[in-house]
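Below is one structure; the comments refer to it alone.
The values are calculated or read from the model by the stated rules, or taken from the named source; none is laboratory data. Everything quoted here is computed from the prediction, not taken from an experiment. Backbone-built Cβ (ideal geometry, glycine too); neighbour counts: all protein chains shown. Heads up: the accessible areas ignore ligands, DNA and RNA and are worked out on the full protein's heavy atoms, side chains in. Shrake-Rupley method; radii C 1.70, N 1.55, O 1.52, S 1.80 Å.
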Amino acid sequence: MSDADVVPVKPEIAAAALIPRARYDEMTARAAAAPDEFWAEECKRIDWMKAPTKIKNTNFTGDVSIKWFEDGTLNAAANCLDRHLAERGDQVAIIWEGDDPNDSKKVTYRELHEQVCRLANALSAQGVKKGDVVTVYLPMIVEAAVALLACARIGAIHSVVFGGFSPDSLANRIQDCNSVALITADEGRRGGRKVALKLNADEALKSCPTVKNVIVVKATGGDVAMQAGRDVWYEDVTAAASPAHTPAEMNAEDPLFILYTSGSTGKPKGVLHTTGGYMVWASFTHQYVFDYHPGEVYWCTADVGWVTGHTYIVYGPLANGATTLMFEGIPNYPDTSRFWQVVDKHQVNIFYTAPTAIRALMRDGEGPVHKTSRKSLRILGSVGEPINPEAWNWYYRVVGENRCPIVDTWWQTETGGILISPLPGAIAQKPGSATLPLPGVFPILVDGEGQRLHGATEGNLCIADSWPGQMRSLYGDHARFVQTYFSTFKGLYFTGDGARRDADGYFWITGRVDDVINVSGHRMGTAEVESALVLHPKVAEAAVVGFPHEIKGQGIYAYVTLVADAEPTEALRKELVAWVRKEIGPIAAPDVIQWAPGLPKTRSGKIMRRILRKIAANETDSLGDTSTLADPGVVTDLVDNRAG
Ligand code: WTA
């Protein structure tokens, strides 16, 4: 596929689309010319308790201050629930599909509202107040959505930790934000296996004295220990609580949630999103990017532990009164036809997944897809990493039978929601390109010195001005926020991604330009994996880089230098992989470990990752200049003993 391959907008999609091309052009022009007026109008999609009169007040220089709708008040949960009750109280809000194909249930808006009110009352009764942080460590069950909305309802800040993270990772994320309560479950279920969430939580809480209350959902009925005075069952406290609750009136700039994400250095960062702008952005992007029409069934396969789950399983769809499907399982259990069986079972119209899932399913051929009808599908989406044209074409041709446009959505935890994506009725697609920015988004490319590049070119992807869904800070560390995102290129938000722009102005994301790697669509800081490795007593030093991986997009390649008396055995290699799994979680397990008697360093001691990336990618004939290394011989050894 070359850039010249264009998949035009389908006339039948454009005819019924919320945003056909003329409207996209008109909105884009208006949002650029008069952002205040544009967003003053657009923010009416949300129910405000007090409508904002101040719209945009943002500054990317100096101390960096980002405020939207700052004198407005609202409640995020009321926007997802209460305001729908009159019109669609009995419509299904959440279709839950269990890991076991015989397990599913439907929850209406009215039922969801009641559950959320009960949990909100239960949290308040435990003393959780507005502004307190509540950590959520749950599997993909309805109670996860209930937990988020109950926090939002009382004005508590939720911090969701992905259920695949280890006790240590959970503990770090609790300590960083001093959360006062934890909502977890006895166990999770994934691919026929159990995940010991409560056991992990107990381990983590040993070093988290701020957590006074633990609410435990009985998800599997597994046998778990309950600590008297601290742990209570979700089922008990919600049954005892009142089903009526008045949502807290929150300022637009009051925090809604923290979500930890990996950066190029140091420990994970607590990305902070506030209430008003985030809700406007979640609703705006969900409606327009997926061309969501009332009554449609929408399914995003992400986990609620990641930002995609926050914005496109919970807040966006529910704010728009959609029917959102929540899936507990994985794409290949019981077999690789599962996604498409679920599509047929629940008559899914819009399906949103990650390229890594598509690539994994592609390996099994077209048979498992053909066993199903998929006639209900109208729109397909992709998120989390660049989608290679081969996977794009398979998704388009085999899954969507050349009928469904694919929205390749580029965004980040930090951006709150989608920034660059085709709109199904407006923008012709090119396989592998996220295409054009949404109205009100101003992506630019700059060179290494921050000079703005024009026309068809390649560079560092920055955003020139604020949009309502932008993160506001890093929790408790505004200086790091300014340093990480606004200091590389003055006056610009730097995404950490590189991108190419073609002659049509389309963006092609080329991947991270920093030390963050993207494994199966999950962000991982190489520094985090290195820190975990060097904690092992036999490891003296470690350097971790990403390398191209057929299914995962990127795999984790670790160069490990052992302490003097340690033997580089196969058993030790396995032990180190297991060690990282235990320290961080299974998603961080290295795919390759190469024993490295030495690492390539500059004379000032800085590891030259560029060279390590080349060796890992098996591009050893283009290592570039190695003359500045303290000991160039190290490189020869690494090339000769390349692993994998
Ligand atoms: C990458 C996930 C190419 C990118 C929503 C970004 C993508 C990082 C795409 C954010 C896409 C996400 N095409 N790359 N459509 N979507 N990325 O914070 O490198 O988990 O910086 O947010 O994923 O990952 P995060």
Could you pull the accessible area for residue 522 with a 1.4 Å probe, rounded to 10 Å²? 50 Å²
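Using alpha-carbon pairs under 8 Å, 6+ residues apart, how would you state the relative contact order of the chain in percent?
Numbers: 1417 pairs, mean separation 85.9, N = 644.
It rounds to 13 percent for the chain.
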Within the P(r) computed for region 251-307, what percentage of the Cα pairs occupies the region above 17 Å? 56 percent
What residues qualify as long-range amide H neighbours of residue 104, i.e. H under 5 Å apart, gap of 5 or more or another chain, H built at 1.01 Å from N? 98
Share, in percent, of DSSP beta bridges within region 333-461 that are antiparallel, nearest 5: 45 percent
Residue 32 and residue 85 label points (each 7 Å along its Cα→Cβ direction) are spaced in nm at 4.5 nm
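Which of the peptides 153-162, 321-330, 509-518 is most tightly packed, and how do the rest follow, going by the mean number of other Cβ atoms within 10 Å of each residue? Intermediate values should be presented prior to the final figure.
Working: 153-162: 24.7, 321-330: 22.9, 509-518: 19.4.
Most protected by this proxy first, the peptides run 153-162, 321-330, 509-518.
Percent antiparallel among DSSP beta bridges with both residues in the chain, to the nearest 5? Working shown, then result.
Numbers: 61 of 101 bridges.
Antiparallel: roughly 60 percent of the beta bridges in the chain.
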Relative contact order for region 296-444, counting Cα pairs under 8 Å that sit 6 or more residues apart, in percent: 19 percent
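May I ask you to compute the full-extension gain from residue 363 to residue 242, defined as 0.36 nm times their residue separation minus their alpha-carbon distance, rounded to one decimal in nm?
Values: separation 121, 0.36 × 121 = 43.56 nm, distance 5.07 nm.
Difference between extended and current length: 38.5 nm.
In whole percent, how big is the carbon plus sulfur part of the accessible area of the chain, probe 1.4 Å, protein atoms only? It would help to have the intermediate numbers written out before the result.
Numbers: 11950 of 23390 Å².
With neighbouring chains kept in place, the figure for the chain is 51 percent.
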Checking rank on 286-292, 627-633, with mean other Cβ inside 10 Å and highest first, the result is 286-292, 627-633
For residue 206, the lysines lying under 25 Å Cα to Cα, once residues fewer than eight places off in the same chain are dropped, come out as 129, 194, 198, 218, 267, 269, 582
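Determine, for each peptide in 447-456, 531-540, the mean count of other beta carbons within 10 angstrom over its residues, then list the peptides with the highest first.
Values: 447-456: 11.3, 531-540: 17.2.
Peptide ranking by packing, descending: 531-540, 447-456.
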For residue 56, go through the lysines and keep the ones whose alpha-carbon is under 18 Å away, minus same-chain ones fewer than eight residues off. 44, 67
On average over all directions, what projected area in square nanometres does region 53-162 have, based on the convex hull of its Cα atoms? 9.8 nm²
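Given all pairs of different Cα atoms, what value in angstroms does the Kirkwood hydrodynamic radius of the chain take?
Numbers: mean 1/r = 0.0394 Å⁻¹.
Averaging 1/r across every pair of different Cα atoms and inverting gives 25.4 Å.
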Report the residues of region 135-177 in range of a label on residue 203: point 7 Å along Cα→C-beta, backbone N strictly under 14 Å from it. 163-172
For region 338-455, what size does the Cα cloud have along each of its three principal axes, sorted from largest down, in whole Å? 53, 27, 25
Tell me the per residue accessible area of the chain using a 1.4 Å probe; a whole number in Å² is fine. 36 Å²
Any number yet on Rg/Rh for region 260-352, C-alpha, Kirkwood? 1.04
Can you tell me how much longer the chain between residue 570 and residue 193 gets when fully stretched, taken as 0.36 nm per residue apart minus their C-alpha distance, in nm with one decimal? 133.0 nm
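What is the gain in length, in nm to one decimal, between residue 628 and residue 15 on full extension, counting 0.36 nm per residue of separation less the C-alpha to C-alpha distance?
Numbers: separation 613, 0.36 × 613 = 220.68 nm, distance 6.03 nm.
Gain on stretching residue 628 to residue 15: 214.7 nm.
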